[in-house]
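Asker: Below is the structure I would like to discuss, written out as structure tokens.
The values are calculated or read from the model by the stated rules, or taken from the named source; none is laboratory data. This is a predicted model, so every value here is computed, not measured. In case anyone asks, the SASA skips ligands and DNA or RNA and just uses the protein heavy atoms, side chains included. Shrake-Rupley method; radii C 1.70, N 1.55, O 1.52, S 1.80 Å.
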Amino acid sequence: MVIGAGIAGLSAAIRLATAGSVLVVTKEELAESNTAYAQGGIAVAMGGDEDVALHLEDTIAAGDGLVNRDAAAMLVEQGPKRVEELLAWGTAFDREDGELLRTREGAHSLSRILHANGDATGREIAVSLLRHAREMAAEGGRIELMEWATSVDLLVEDGRVVGATLLDGEGGLRVVRSNAVLLASGGAGQVYSDTTNPAVATGDGIAMAYRAGAAVSDMEFYQFHPTAFSAAGAPRFLLSEALRGEGAYLVNVKGERFMERYHPLLELAPRDVVARAITSEGMDGPVYLDMRHVKKDLHARFPGISGFLAKHHLELARDLVPVRPAAHYFMGGVTTDVHGRTTLPGLYAAGEVACTGVHGANRLASNSLLEGLVFGALAAETMIVERNSPNTSHRSDAVPAEANGSTSEAVTERWIAELRAMMWKYAGLLRDGDGLHEAKRQLEALAVTKPRGISRRAIEARNLHMVAELIVAAALGRKESRGAHYRSDFPMHDASAKHSNMHEGKLRFVA
């Protein structure tokens, strides 16, 4: 069973189907995932060994002392081969005169970002993987695609994961058994009130894995994208880092560029640096992206962004565009090795839900799609080798619904909104001990009124609460500032760089 149908889940499912039957479960329609919202592109070193080596060093530098070098090496070395597979499966990356177009983003030493349809790379990859999976199914491949199903909990027997309980699209609970489960359910941006993530990103995989007894790591490291659209009443639409890669400036309310005061790489500094700089400059008024000086066809290069801005009567070539940071990508997650194994037998994880340490404390721009592609494939290969028993058909059993009542949808929505606002205020981009302790206190109070029942939103509310607790606990424990985790009461690095690890309610820091 694969829970999630983004780049990691579909990359894995395509391989798993060569060795047995595989069920792919997704909460909404297929191709609706964090993958589909990735604008900027996929970072891949297609220029040979020197490019691969530089990509590795760029990844390690961005991770601020906590990157697992073995995982990062696996990522950059296997990346070109996996992207070649995408090309073979019909992924249409942008080209000029037949050559793949490459752009540069923050903290990259070279232009190595491939993009598709200007700023719709994730959606193009998701569509091409889904098309390939459906072709396999039509040709007799053993892939079953199950839409509109919410994962409730993992099924554990004798210390091993043997399936999951699902809420199907008609509101019925079912227990589905399988000989292995891969979590590829994405991130948890919805734990914050301001996020670039879609509504599906509620941390389900992380919460289910932790409840089942798996360890999680680096939960304090949530990356806040520096440039989300910021206008009253408008969604926090992602304004890709590729805009700055193509020459956009950041200017304050006075119209002054300010990044030279914060980092020598200016607008292409690591994301945590840029996000905090924007937050600091924003104390005195709005911060803007300025592309008025860039002499390119910006509408052709960024059609999705241009279309969104047009709805708000703005143009990249003509106007200053207001921006602010928003929760974007989870470096932490379910603890895995580079082959997708979690600490719980029978359970694997890949993509944003997993933590291999490949991103360390701060993800390098556009490494996320590559992560899903590479580690989804590696997890599938491991699952095939380690499968617990001969492959059999998935068994699906109905289970009775709860009889103890359910919280109304309106009350559930208010509860979720309160949690998200609290997390943004006390455990967001800027943190301190007092605020984190207040977050912990409020989470304890929210636990008492946690929504009940088996509706999708009640399940998501419980998962968001668990993820929030894990973030706050890890952030309280890390008494330093590193990467995406910034504490104003501990602004300096600790001398020893260690990963946080949470297991069965106990927080440890390990090398």
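Asker: What shape does the range 264-339 have by the C-alpha gyration tensor, where a ≥ b ≥ c are the square roots of the eigenvalues, rounded means a/c under 1.5, and otherwise prolate means a/b greater than b/c and oblate the rest?
Answerer: Taking the square roots of the gyration eigenvalues as a ≥ b ≥ c, the range 264-339 is prolate.
Asker: According to the square roots a ≥ b ≥ c of the eigenvalues of the Cα gyration tensor, what is the shape class of the range 39-170, taking rounded for a/c under 1.5, prolate for a/b larger than b/c otherwise, and oblate for the remainder? Spell out each step's value before the answer.
Answerer: Working: a/c = 2.33, a/b = 1.42, b/c = 1.64.
Here the range 39-170 falls in the oblate category.
Asker: Can you give the % of DSSP beta bridges in the chain that are antiparallel, to the nearest 5? Let's see the in-between values first.
Answerer: On the way: 47 of 62 bridges.
Roughly 75 percent of the DSSP beta bridges within the chain come out antiparallel.
Asker: Which value, in Å² and to the nearest 10, is the accessible area of Y329 when all protein chains are kept and the probe is 1.4 Å?
Answerer: That residue has around 10 Å² of solvent-accessible surface.
Asker: Continuing with this model, one more query. If I compute solvent accessible area with a 1.4 Å probe over the protein chains, what percent of it on the range 73-112 is carbon and sulfur? Provide the component values of the computation, followed by the final result.
Answerer: Details: 830 of 1910 Å².
The nonpolar share, carbon plus sulfur, comes to 43 percent.
Asker: HN-Hα J couplings of the range 74-81 from phi, Karplus 6.51/-1.76/1.60, θ = phi - 60°, integer Hz, Gly and Pro as x?
Answerer: Karplus values, whole Hz, x for Gly and Pro: 4, 4, 6, 6, 8, x, x, 5.
Asker: Could you work out how much longer the chain between A53 and V253 gets when fully extended? Use 0.36 nm per residue separation minus the Cα distance between them, nm to one decimal.
Answerer: Working: separation 200, 0.36 × 200 = 72.00 nm, distance 4.01 nm.
The A53-V253 span can extend by a further 68.0 nm.
Asker: Share of the range 285-362's accessible area from carbon and sulfur, percent, 1.4 Å? Don't skip to the answer; put the middle values down first.
Answerer: Working: 1570 of 2740 Å².
Result for the range 285-362: 57 percent of the exposed heavy-atom area is carbon or sulfur.
Asker: Give the accessible surface of the chain per residue, rounded to a whole number of Å², with probe radius 1.4 Å and ligands, DNA and RNA excluded.
Answerer: Values: 19440 Å² over 511 residues.
For the chain, the solvent-accessible area averages 38 Å² per residue.
Asker: Then there's this: Calculate one ³J(HN,Hα) per residue across the range 219-226 by plugging θ = phi - 60° into the Karplus curve 6.51 cos²θ - 1.76 cosθ + 1.60, and present them in order as whole Hz with x for glycine and proline.
Answerer: Working through the residues one at a time gives 6, 7, 9, 10, 7, 9, 5, x Hz.
Asker: Quick one: Karplus J couplings for the range 58-68, per residue in order, coefficients 6.51, -1.76, 1.60, θ = phi - 60°, nearest Hz, x for Gly and Pro?
Answerer: Whole-Hz 3J(HN,Hα) from phi for the range 58-68: 5, 5, 5, 5, 5, x, 6, x, 10, 6, 6.
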